[in-house]
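Down below is the structure, laid out as structure tokens.
FYI, it's all coordinate maths here, none of it is from the lab. Since we're looking at a predicted model, the values are computed, not measured. Every residue, glycine as well, gets a Cβ built from its backbone with ideal geometry; the counts of neighbours run over all protein chains shown.
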Amino acid sequence: MSDRKPPPEPPLPRGPEVTRRDLLTGRVAGLMLDRLQGEEPEALPAPPLIRLTVNRVSRELRVPAHRTLAEALRVNLGLTGTKIGCDHGECGACTVLLDGLPVYSCLTLAHDADGRSVETIEGLASSDALHPLQQAFLTYDAFQCGFCTPGMIMALKALLDRRGTPDAEEVRQAVSGNLCRCGNYLHVIAAGLAAARSLGDGG
Ligand code: FES
Ligand code: FES
């Protein structure tokens with residue numbers, strides 16, 4: 001066995017001016033700011049362009065790749081009728097129609113809607129009349145706070161567009177992905193059936 005000891009480790013390099021006290025007192029943040037202020041900020045690239053047809057109108061917008069359709073509608077286009085409740089695909093408040101089918105817009109990326117047709121609650125009423133679903137929600141007291149209402153109506157519109165005279169079970173199924181914290185479900189179903197009758201009679 002050799003008596004030779006390994007050579008001592010070289011001391012760890014230390015930053016010349018940063019001490020633990022600097023970290024605690026925030027001086028490090030100041031040093032970083034000083035450095036950043038001396039540098040030219042890098043120009044950010046423009047977000048990519050997408051084209052959508054929203055409520056029958058062609059729209060072009062630049063949105064970051066991670067932006068949801070719900071945020072793009074509300075923030076980029078100002079269409080705040082589409083509500084964001086849970087933002088996790090659980091409540092249905094954000095339901096819109098994408099190429100005629102109901103989707104949770106909080107779970108749909110805006111870029112996935114590129115080149116497609118989007119319908120929101122703002123697209124339902126004509127200049128002088130409510131859509132029969134909107135009228136039926138009024139007539140049948142189908143909302144209280146109203147937060148779930150745009151999503152409920154869009155889910156029901158998808159049903160009525162493809163099946164003119166649904167029965168109560170089909171109406172229940174259509175809104176089964178939409179939660180109403182005010183518990184107004186019976187009125188919603190009555191309104192859905194009434195709107196179907198109204199559309200069947202010629203609207
Ligand atoms: S906000 Fe989209 S499902 Fe709740
Ligand atoms: S009316 Fe309030 S959440 Fe449905």
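Which whole-Hz ³J(HN,Hα) couplings does segment 52-61 yield from phi under the Karplus relation 6.51 cos²θ - 1.76 cosθ + 1.60, θ = phi - 60°, glycine and proline marked x?
10, 9, 10, 6, 6, 10, 6, 10, 10, 8
Would you tally the net charge around ASN55, using a Cβ to Cβ cut-off of less than 10 Å, leaving ASN55 out, and scoring K and R as +1, D and E as -1?
Details: positive: ARG56, ARG59; negative: GLU119, GLU122.
Every neighbour counted, the sum reads 0.
Please say if segment 49-203 is rounded, prolate or oblate, where rounded means a/c under 1.5 for a ≥ b ≥ c the square roots of the C-alpha gyration tensor eigenvalues, and otherwise the choice is prolate for a/b larger than b/c and oblate otherwise? Write down the numbers at each step before the final one.
Values: a/c = 1.99, a/b = 1.55, b/c = 1.28.
Cα axes put segment 49-203 in the prolate bin.
What is the sum of charges around VAL103, taking Lys and Arg as +1, Asp and Glu as -1, for the other residues whose C-beta is under 12 Å from the C-beta of VAL103? Could the numbers behind the result be given before it?
Numbers: positive: ARG116; negative: ASP99, ASP112, GLU119.
My count for the surroundings of VAL103 gives -2.
Extending each Cα 7 Å along its Cβ direction at GLU9 and SER176, get the distance between those two points in nm, one decimal.
Between GLU9 and SER176, the simple spin-label model gives 6.3 nm.
Please list the equivalent ellipsoid semi-axes of segment 47-123, computed as the square roots of five times the alpha-carbon gyration tensor eigenvalues, in descending order and whole angstrom.
Semi-axes from the Cα gyration tensor: 17, 14, 11 Å.
Can you tell me the order of 98-107, 188-197 when each peptide is scored by its average per-residue count of other Cβ atoms within 10 angstrom, highest first? Could you put the intermediate results ahead of the total?
Numbers: 98-107: 18.8, 188-197: 22.2.
With the highest mean Cβ count within 10 Å placed first, the list reads 188-197, 98-107.
Work out from phi, with θ = phi - 60° and the Karplus expression 6.51 cos²θ - 1.76 cosθ + 1.60, the ³J(HN,Hα) of each residue of segment 74-87, listed in order in whole Hz, and give x for Gly and Pro.
So the J values, rounded to whole Hz, are 6, 8, 6, 10, x, 8, 7, x, 6, 9, 10, x, 7, 6.
Tell me the net charge near HIS131. Cut-off is 15 Å between Cβ atoms, HIS131 excluded, with +1 for each Lys or Arg and -1 for each Asp or Glu.
-2
Please give, to one decimal in nm, the separation of the simple spin-label points placed at LEU49 and ASP141, each 7 Å out from Cα toward the Cβ.
5.2 nm
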